[in-house]
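Data block below; observations after.
Values quoted throughout were computed directly from the atomic coordinates according to the rules given, and no laboratory measurement underlies them. It should be emphasised that the depicted structure is a prediction, and the values quoted were computed from it without experimental measurement.
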Amino acid sequence: METAAVRPSTTPGDPAPGRAGGYLAYAASVVVAGAVATVLATQLSRLPTAFWMVAALALIGAVPCVPRAVSGGTAGRGPHRPLPVELCTMAIMLGWGLGPAVAVRAVAGLVTAWPLIRARLARRSGGRPWSRWPARLAQPILALASAYAVVHTFPGADLAPGRVAGLADAAAVVTAAAAWCLVQAGTAALAHRLVGGRDGWAAFGRALGAESLTGGALLLSPVVVLAAQVTWAMVPLVAIPLYAIDRMARQLTEQERLARLDPLTGLVNRKALVTEVAGQAAAHSQRAATGVANRRFALLLLDLDRFKHVNDTLGHAVGDRLLVEVGRRLTRTVRPGDLVARLGGDEFAILAPGLVDAEQARALARRVASALTEPVWLDGLPLDVSGSIGIALYPDHGIDFATLMRRADVAMYEAKHRGDAVAVYAAEADHNSADRLSLLGDLRRALQSSPSGADRDAGQGVFGDQISMYYQPQVEIATGEVVGVEALLRWHHPRRGLVNPEELTKVAEHSGVMRLLTRRVIEDVVDQLARWAAAGLHLRAAVNVSVRDLHTPEIVDWIAGRIRRHGLSPACLQLEITEGALMADPGRVLATIGRLDRLGVAIALDDFGTGYSSMQHLRRLPLAEVKVDRSFVLGMAGDADDAAIVRSVIELANALGLRVVAEGVEDEHTWRLLHAAGCHVAQGWFFAQPLPAGQVADWVQRYRPLRPAAPPVQPVAWPSRRSPAGLK
C-alpha cells in the first residue's frame with residue numbers, strides 16, 4: 001500500500017527546503033540509473049526462465065497502477081502501489097540477488113510513473129514530476145537494499161538456492177520485511193520534512209501504518225522463490241492468490257481516497273481539510289519553536305451568493321455543473337501549495353499556508369472573489385457568480401480546526417451583512433463567543449425566572465431582581481409639555497454589574513432570546529402605561545424592536561391582545577425600528593409594519609441618517625416620526641456640519657408631515673437650536689435622565705415646562721401617521 005503522498009507545501013516566503021529535497025531526488029535518480037545500467041550489462045543475460053516469469057508478474061502488476069491527480073491538491077494518500085511489484089522484487093532479491101531486483105523495480109516504477117510524467121510534459125507544468133517520481137523510484141530501491149543487507153548479515157541465515165531453509169532463514173525474512181517497512185516509512189517522513197516542512201515523526205507514524213499490509217505480503221516472497229526453483233511453470237500459480245490480495249488492497253486504498261474527496265468536484269472534503277489543518281498547525285508550531293517568526297496560515301471560507309436561486313430556477317443538474325466550474329476556478333486562482341476543499345452545498349474552503357499577516361490573506365481572498373465575477377456559461381446561458389469570503393488566521397484567531405472554521409464562518413456572515421466580498425474575523429462581530437454565550441444564558445434565566453407584568457408590584461417594573469425598565473421623558477419643544485417617554489432596558493447582572501445596553505442587544509438579537517425579551521418589555525411597558533393612566537397620567541411610550549420581532553406577523557396579534565386586555569388606545573404605544581432592520585428582510589418587515597399601522601400603533605424610524613436608504617424608507621413606510629441620531633445632536637452646537645445635517649433632516653421630515661424627535665439634548669443651547677430649526681420633540685439629560693417607573697409620575701408633577709423666547713414652531717398634529725400607497 002502506498003504511503004501518504006508527499007504534496008509540496010512550500011509557499012512564498014518559506015526557505016528553500018523544497019529545493020534541497022529536489023536535489024536529493026535528482027541524486028537518487030542518478031544512482032538508480034547507474035545501478036540499472038550495471039545490472040543490465042552484467043547479469044540479466046545469464047538469468048533463468050523462472051526469473052523472467054517472476055519479473056513478468058512484477059511488471060504486469062505495475063500496469064494497472066496509474067496515478068490519478070486530485071483537484072485542488074491532495075491531502076489524502078497517493079496512488080496505490082501494487083503488492084505484486086513489491087512481493088516479486090523481494091522474491092527476486094532473495095533468489096537472484098540485489099542487482100536484478102533493482103532492475104526490475106526500476107522498470108516497474110517507470111511503468112507506473114510514465115502516464116503522469118507524460119501528462120505533466122504535455123501541460124508543461126514545471127519540474128514537479130522530475131523532483132517527485134525519481135524520489136519515489138529511489139525509495140523502494142533503498143528499502144530493497146536494506147532488506148538485502150539484513151538477509152546477508154543475519155546470523156545463521158543462508159538462502160542459497162537448493163538449501164533447505166531453517167528457523168534462522170525465516171527470522172531473516174521477517175527482519176528483512178521489517179527493515180523494508182522502516183526504510184519506506186523513514187524516507188517518506190524525510191521527504192515530508194524536507195519538501196513540506198511538516199512534522200517528520202507524525203509522518204513516520206502514518207507511513208509505517210500504511211506499509212504494514214505490504215510488509216506482511218513480503219513474507220510470502222520465499223514461497224515465490226521456492227515455487228520458481230521447483231519449476232518456472234509453478235510461478236503463474238502463485239499469481240492467483242497474489243492478485244486477489246492486491247485487489248483487496250487496491251479497493252481499500254481507493255475507498256480511503258474517495259472518503260477524503262468530494263465526489264462532485266474532485267476537491268478534498270472536510271475530513272481531509274481537518275487533517276491538513278492539523279498538520280499545518282503542527283508545522284507552524286515547530287517553526288515558532290525554532291525561532292521562525294511571523295508564520296501564519298489562513299482558513300478562507302467561501303459561500304456562494306444566491307446559489308439556491310440557480311437550483312430552484314434551472315435545476316440541481318445545472319447547479320452541480322456550476323459548483324464544478326467554481327471548484328476549477330478556485331484551483332486555478334490559488335497559489336501553489338494552497339489547498340481547496342468543498343465542504344458541502346455551496347461552501348468551499350481554502351487553506352493558505354506561509355502567510356505573514358492578514359493583508360496577504362485578504363489579497364488572496366480578493367483575488368478569488370475577482371475570479372468568480374466572470375460569468376459562467378452553461379448551455380449558452382451566462383450565470384453570474386459571486387461569493388462572500390470569511391478569513392480566520394492561525395494562531396491569531398484559533399489554533400485548531402473547529403475554532404478557525406467557526407470564526408471564518410463568523411467573518412463570512414459579517415461580509416454578507418456588510419455587503420462586502422471579504423471580511424477578516426473580528427471579535428466584536430462574533431455574537432457567539434464563549435463570553436457572550438455565557439451572558440446569553442444568564443439573560444435567558446433572568447427572563448424566565450421573572451414574574452409576568454400582572455404579578456409584579458405596582459410601579460416597580462422589574463423582571464425578577466436583575467432586569468428593570470427605565471423611562472426617559474420626551475418633551476414637545478414648542479410648548480414644553482411632556483408628551484411621552486422612551487422605554488429603556490437596564491440589566492443589573494449579579495457578577496458583571498450594569499450591562500451595557502448595546503452589548504445586551506448584540507447578545508440577544510441573534511438568538512431566540514430576543515423575541516422573549518421584546519415580549520416581556522412590551523408587556524411591562526403596556527402594564528405600566530395602564531397604571532399611569534389609572535393615576536391620571538396619560539403618556540405615549542416608545543419601545544425599540546429588532547428585525548427578529550418583525551419577521552413574524554404573530555407579533556401584531558400579540559400586541560393587540562395586550563392593549564385590549566389593559567383597555568388602552570393603540571396610539572399610546574409606539575415601536576421604534578432601525579434602517580438595518582428594514583434592510584435585513586424588507587418584504588416580511590414591510591408586511592408586519594403595515595399591519596401595526598392599521599392597528600393604530602405608531603412606527604418611528606430610529607437612528608435616522610445612519611442607515612443605508614433613508615429616503616426610500618421615508619417614502620415607502622407608514623411612519624409617524626423620525627428620530628435624529630444623538631451622534632448628530634450632541635455635536636450640532638459646536639460643529640457646523642452636524643448642525644446642517646440636523647436642519648436638513650428636520651426640513652425633510654416636515655415636508656413629509658412627520659414628527660422629528662431629537663435624542664441627546666444635553667444643554668440649553670442645543671435645545672434652542674432645535675427649536676429654531678423646527679424640531680418637534682426632544683429628549684436628553686437637559687430635561688431628565690432615564691428614570692425608574694416609580695419616579696416618572698413624581699418627576700412630571702415637579703416639572704415646569706420650558707418655553708423658548710422665540711415664537712414657537714407650528715406643532716404637527718399628534719400622533720399624525722401617514723399611510724403610503726401600496727399599504728391599504
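Quick notes on this one:
- Computed from backbone phi with θ = phi - 60° and the Karplus coefficients 6.51, -1.76 and 1.60, the 3J(HN,Hα) list for the stretch 537-542 is 10, 9, 10, 9, 10, 9 Hz; x is used for glycine and proline.
- Evaluating 6.51 cos²θ - 1.76 cosθ + 1.60 at θ = phi - 60° for every residue in the stretch 355-360, the Karplus couplings come out as 9, 9, 8, 5, 5, 5 Hz, glycine and proline recorded as x.
- Short-range pairs are left out: with C-alpha atoms under 8 Å and at least six residues apart, the relative contact order of the stretch 278-407 is 34 percent.
- Net length available on complete extension from residue 560 to residue 251 is 104.6 nm, with 0.36 nm assigned per residue and the Cα-Cα distance removed.
- Under-5 Å amide H pairs with residue 378, H placed in peptide plane, nonlocal only: 383
- Gyration tensor over the Cα atoms of the stretch 467-595: the corresponding equivalent ellipsoid has semi-axes (square roots of 5 times the eigenvalues, largest first) of 23, 20, 15 Å.
- When the convex hull of its Cα atoms is viewed from all sides, the stretch 309-367 shows a mean projected area of 4.5 nm².
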